[in-house]
Ligand SMILES: Nc1ncnc2c1ncn2[C@@H]1O[C@H](COP(=O)(O)OP(=O)(O)OP(=O)(O)O)[C@@H](O)[C@H]1O
Ligand SMILES: [Mg+2]
């Protein structure tokens, strides 16, 4: 829009109708309209690429394009320019269809100056708002992805230090201790008891360090890949919680970049943590399958379930985290829960 003038491209092969629109636009006292006109889609496509328009008024039936296809071709050519479809009475359905796909429509039958002008202004304003919304969403998406990355970096660093420093230290302690005891000889009865209790304690320390570091950042994921990591996690989960785990995991490795595999692993982890914390389930099933273009992950429990609205509660950080991660890998997720029947989290991720 330059100053107060709105640049309109009209794509219409009925010249009388073009003249009518021209007259109606002149009625506006507040805004000045500059109308360009073409009668073929091919000419419109050329013009859209070279000139800046604020809005397109479109007849769907042209000499070189017919029906809804005309809208789709114009809209895909320049999605940032609002398209107002001018429909006849017989094809108003197509106008509604255009509105569903981000367009606008006006019925040629009941067109009047003010309605036309209001529709054009509304279309321009709404398109601008949608663009702002998209920009805000993109910022949010990148910020969220960035925060996830930072968090994973931090976890990896802590896990590494725990594993290498503390784990190494405890192991050395154990070896030193056992060697010293050996040198003192078995007759030292009192030391035998000490040996047992200290060894048990140190072993527990080593286990704890390994568990915490693996939870923070499973080495197995980096070394062996997603499927072995999920299987390992399920075995650990079963051991720790006593909840019966069943799993059906596809053969072979899934071709995912490291950060995306990590995101999928975190989804499994969060879903299972929820099962342990909230579901009171006796059984959980995890399925990972893949076809040509996508992988599907399903985590299903037979627990108490919950009100599905919680998935949209801004305080459900775990469930939001699952949705965020799925968004990050450009997938789709559904969280279905039926009270007293159980919960199923299903994510589909493009490969
Ligand atoms: N598998 C499940 N079975 C039953 N209830 C669940 C399940 N998963 C989630 N919920 C319910 O949904 C709520 C939100 O889950 P969410 O993971 O977002 O948060 P949280 O687990 O309470 O906390 P955190 O932020 O630590 O994950 C839970 O408090 C619980 O009531
Ligand atoms: Mg949770």
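Annotation: the antiparallel percentage among DSSP beta bridges lying fully within the chain is about 50. Put the Cα centre of the range 255-300 next to the Cα centre of the range 102-126 and the gap is 47 Å.
Using the rule -39500 (n - 2.57) for each DSSP H run of four or more residues, divided by the residues of the chain, the 222 nm mean residue ellipticity is -18000 deg cm²/dmol. Compared with the dominant principal axis of the Cα atoms in the chain, helix 258-274 is inclined by about 70°. Largest mean-square fluctuation among 105, 137, 17, in a Gaussian network model of the chain whose springs join Cα atoms under 10 Å apart, belongs to 17. If R0 equals 35 Å, the separation of the Cβ atoms of residue 96 and residue 13 corresponds to a calculated FRET efficiency of about 0.95. Would you please classify the overall shape of the range 1-140 from the alpha carbon gyration tensor, given that a ≥ b ≥ c denote the square roots of the eigenvalues, rounded means a/c under 1.5, and beyond that prolate means a/b larger than b/c while oblate covers the rest? The shape class here is rounded. A compact globular protein would have a Cα radius of gyration near 2.2 N^0.38 Å; the ratio found for the range 220-351 is 0.99. Calculate the spin-label point distance for residue 114 paired with residue 4, positioning each point 7 Å from the Cα along the beta-carbon direction, and give it in nanometres. If labels sit at residue 4 and residue 114, their model points lie 1.9 nm apart. Whole Å is fine, so just give me how far the alpha carbon centre of the range 51-95 lies from that of the range 139-159. What the calculation gives is 43 Å, centre to centre. Note on the chain: GNM, Cα springs under 10 Å; of 104, 141, 328, the largest mean-square fluctuation is that of 104.
Relative to the longest principal axis of the Cα atoms of the chain, the long axis of helix 41-50 lies at roughly 70 degrees.
Between 0 and 90 degrees, the angle of helix 68-77 with respect to the longest Cα principal axis of the chain falls at about 70 degrees. Diffusion coefficient of the chain by Stokes-Einstein, Kirkwood radius over Cα pairs, 4 °C, 1.567 mPa s: 50 µm²/s.
Dividing the mean sequence gap of close Cα pairs (under 8 Å, 6+ apart) by how many residues the chain holds gives a relative contact order of 9 percent.
Laboratory data are not the source of any read-out in this text; all were calculated from the coordinates shown. Predicted, not measured: the structure shown is a model, and the values here were computed from it. Every residue, glycine as well, gets a Cβ built from its backbone with ideal geometry; the counts of neighbours run over all protein chains shown.
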